[in-house]
Structure formats: structure tokens, C-alpha cells
Ligand SMILES: NC(=O)c1ccc[n+]([C@@H]2O[C@H](COP(=O)([O-])OP(=O)(O)OC[C@H]3O[C@@H](n4cnc5c(N)ncnc54)[C@H](OP(=O)(O)O)[C@@H]3O)[C@@H](O)[C@H]2O)c1
């Protein structure tokens, strides 16, 4: 007799979307995948926890700029247990703790076959069980809770690339080369807190911004030696932030800006960089995609500072595995990332809470309690 149930629970979006008409989340009963008829390289996963990203809310609101699967299962980021494997599976074993990559077509970073993302144009992970090919799985660091593990898929590798931590390996150099670099991290959402954790682990000197003094104080206090190692300021107190960054860096500027705000701040970001060879990593669009700057001034800043403007779109499976291995090797826990955990039946509340912006780090949903 099969050890698995006949059906499992999932959430699906209502069909759509259209701008200004939000989608609803509907609880659905799905037929259980047949574990004995998995394709040779398929893996059956039991989902333990998922974490939400800003884009999950943007899709519900019709604000996401790319096509999405009508009535698809939302959410891309999960921590899951391998419960059955196809006959040719070699990368994982039953009992392994894994996550699914966010771009299913980005395995090594060299593929040229477009994109496919769970929770976007492919059914996602807000469900009790799922089947994926072994090649899109990454093993999680040992020692993390299911909730901590569910934070990795998107923001860890996004932060890793935004900080340039993928570059030493790509260029065959030691990670120590990045030590002492100053980094400006915008806001206190999931990307930012992962960037802060990685920056501290790699010996970078972070400055983090928030609209809330209380969030900043609590965040800095939550890290050992936070007051010495982390600088922060409330971005709502400044119209342009270039002078504030200069003040906090003795006039030197920062080596990297992790831009979550979007195009609006790019000119200020470039002005905040060190005199040469700094990088603005363009990650997000929290302030939309407006741009009040003059293109000539932007070009001058880019040239004068020999600056890099780098677009970030998560990362490959191999890079995500690098991040996971790095976390395990350095024994890094992710407690500061876990803001609030909702139960599976409270999925809608979890989406609303993320949308409210009251969180610091990640908003999670516990899918299985065993
Ligand atoms: N390119 C990629 O691969 C990639 C991957 C993941 C996410 N993203 C994008 O990156 C951005 C951040 O994602 P996330 O998941 O970290 O979002 P999130 O968890 O929703 O974080 C949002 C936080 O950013 C801060 N914020 C909001 N508006 C801001 C503004 N105008 N200026 C400065 N800070 C602002 C707020 O922090 P305070 O309350 O502290 O002010 C807010 O809580 C989003 O646009 C997301 O779509 C891109």
C-alpha cells in the first residue's frame, strides 16, 4: 500500500490577472502524484515551509510585469524533504532537505533557453507535495530549521550576486579579497537582510537603510556586535542620500550599492560609490521604475567613476548551491531573517502582512507541522 495520501492541499490563484483587480487565493484539493510512476529523474517533495517574495504579492495585484500562469499555484521558495525518487536520480536521496531553484532553466548560468519560474509561469510551491526534476534542486545547509531553509531560494543567491560574492569563485580567487568593502543596502526586506548576513560573514562593512528607526535599532541589536559592525540610517530623513553615505564612510563612498528601490535612486547610488570601480547592483523596483535623473548626468557618473551597473536576476542552481555550502561551512544561522511564520490555513494573511511592509526579512508559511 502507498505510504502517501490520495490527495493533497494547495492554493491556486483565481484566473487573471488584470491591473487594479487583485487575484484571490483559493484552497484546492489536488490528486496526489503517483510516486511509483515518477519519471527517471523526477523527485517527489514534501513541502515543509515556504517564504514569500515581494513579487508573489505583485502577481496577486496585477502589478507583476511578466506573464504568469492563470490559476497557477503561487510561491517559488520552499524548504522540502525528498520523499520518493525516480530510478535514475543521483543528485539527492530520500530524506534530503532541499529547495527548488527560482529559474528552472538556470542550472550553470550558461543555459540560453529562456526562463521558467515556479509560482510565476509554472506551478509553484504553496502546496503540500510537488514533483520536480532532480536537476533543479539544491541541498540546504545542515542545521537550519525548515523556516530558515525556506528563505534561501530567491533572496540568498540574489544577495550573493548583488554583493559580488560570486565573482572571486568565478575568477578563481579567494573570498578574502572582498573583505573590508563597504556596502549600502536599501531597506529591511528579505534581500536586504540576507545581504546583511552575508556581508557580515564575508567581512564587508554594511550600511543599511530603513523608513523606521525602530526596525533599524532592533535589527542592529539582533546581531552580535551589531552596533560596531552595522551602520544605518532612516532614508525618509533625507531627500538625497549621497551626503549621508559620504558622512558614514569618511568621504570615501561605498564599493557596492544593493539597489532594491529601482531606477529612482540610481544617480544617487552612483554618486555614493567610491572614486573608481564601484558597483551598483540593480535588484528591485520597490519605488517603481520611475527616473527623475538626467541621462547625461548618469552617463558622466558612470564614466567618471568607471562604475559598474549590474542587473541582478537571482542566480543559477550552482551559485545557489555555493551559497548553501558557504552557509554550512561558516555555520551561519538565519534567525534574523525569519520575521513571522503563518500557518498553512493563513496564507492570505501572510500575503497581506508582506504587502503591509511591517516585516523585517522574510514572511513564512508553515506547510507541514511534522
Ligand atoms: N532581481 C532579483 O533577482 C530579485 C530577487 C528578489 C527580489 N527582487 C526585488 O527586490 C526588491 C526587494 O525585494 P524583497 O523581497 O527584499 O522585498 P520586501 O521583503 O517586500 O522588502 C521591502 C522593504 O524594502 C523597504 N522599502 C520599501 N520601499 C522602499 C523605498 N522606496 N526605498 C527604500 N526602501 C524601501 C521597506 O523597508 P523599511 O520598512 O525598512 O523601509 C520594505 O519593508 C523588490 O522590488 C523585489 O521584487 C529582485
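Every number in this text was worked out from the coordinates using simple rules, so none of it is lab data. Everything quoted here is computed from the prediction, not taken from an experiment. All Cβ positions, glycine included, derive from the backbone under ideal geometry; neighbour counts span all protein chains shown.
For the chain, build the convex hull from the C-alpha positions and give me its volume per residue in Å³.
Looking at the chain, the number lands at 144 Å³ per residue.
Rounded to the nearest 10 degrees, what's the angle between the helix 347-356 long axis and the longest principal axis of the chain, both from Cα atoms, 0 to 90?
10
Using a Gaussian network model on the chain with a 10 Å cutoff between Cα atoms, which of 324, 211, 117 fluctuates the most?
211
I want to check the label-to-label distance for residue 310 and residue 291. Put each point 7 Å from Cα in the C-beta direction and report it in nm to one decimal.
Modelled inter-label distance: 2.0 nm.
Using r as the Cβ-Cβ distance of residue 111 and residue 64, and R0 as 22 Å, what FRET efficiency do you calculate, to the nearest 0.05?
0.45
If you fit an axis through the alpha-carbon atoms of helix 317-329 and take the longest principal axis of the Cα set of the chain, what angle between them do you get, 0 to 90°, nearest 10?
Between the helix axis and the principal axis of the chain, the angle is about 80 degrees.
Work out the P(r) tail for segment 158-311: percent of alpha carbon pairs separated by more than 23 Å, whole number.
In whole percent, the long-distance tail amounts to 31.
Helix 295-304: angle to the longest alpha-carbon principal axis of the chain, degrees 0 to 90, nearest 10?
Approximately 80 degrees, to the nearest 10.
Sorted from fewest to most neighbouring beta carbons within 10 Å, what does the list 131, 275, 178 look like?
On the way: 131 16, 275 10, 178 20.
The fewest-first ordering by Cβ neighbours comes to 275, 131, 178.
Using the Cα gyration tensor of segment 1-122, with a ≥ b ≥ c the square roots of its eigenvalues, what is the shape: rounded (a/c below 1.5), prolate (a/b larger than b/c) or oblate (neither)?
oblate
Using 7 Å Cα-to-Cβ label points, what is the residue 179/residue 37 separation (nm, one decimal)?
Simple spin-label model gives 5.8 nm for this pair.
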